[in-house]
Structure formats: C-alpha cells, structure tokens
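Structure record follows, encoded as structure tokens.
Where a number appears in this text, it was derived from the coordinates with a stated rule and is not lab data. Since the model is a prediction, treat every value here as computed from it, not as a measurement. Glycine also receives a Cβ, built like all others from the backbone with ideal geometry; neighbour counts cover every protein chain displayed.
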Amino acid sequence: MKPDVVASFLDERLGAALVAAFVYGSVAAGRAGPTSDHGPFLSGIGDYTERIRTGRVLPARPSPSDAEIPEGLRLLCRALGYL
C-alpha cells in the first residue's frame with residue numbers, strides 16, 4: 001500500500017480531523033506505545049494456519065476477482081490501485 005494514497009483517500013472521505021483522531025487519538029489518550037497497558041496476553045489469537053507454521057515467506061495468494069470483493073470494498077480497492 002502507498003501511505004500517501006491511503007491518507008488522501010481517508011482524508012477525502014472522513015475529513016482530516018477524524019483521520020487525525022484515529023491516528024493520534026490513542027497516543028494522546030495513552031492507549032498506544034511501548035508503555036501502554038493494552039490488557040493481558042490472550043493465548044490462541046492470531047494466525048495458526050499452515051502458511052504461518054511453515055516458518056518462511058511464501059508466495060502471495062492470488063488476488064480475488066472483482067466479483068469476489070464485496071461491493072462496499074470495491075471503491076476503496078480501486079482508489080488504492082488494487083483494481
């Protein structure tokens with residue numbers, strides 16, 4: 001992903017103030033960063049598929065066709081250059 005494209009897309013759709021609240025809000029509220037307390041470690045979460053367990057980088061899966069992408073996400077995919 002291209003950060004500048006994502007930021008522009010979000011800014012256009014949500015407005016700069018809301019984007020800033022998402023990006024900086026948790027930091028300002030003390031809920032982000034190396035010293036923040038995000039709660040206890042939860043065992044069993046994460047990706048435990050065979051792909052992860054190989055321990056090496058594997059080729060990417062094929063991209064879904066336009067028809068396989070939910071309609072609500074197509075606009076975002078196009079704006080980010082994936083379609």
If R0 is 41 Å, what FRET efficiency do you get for Leu58 and Ala7 from their C-beta distance, rounded to 0.05? 0.85
Give me Ile69, Ile52 sorted ascending by neighbouring Cβ count inside 10 Å, so fewest comes first. Ile52, Ile69
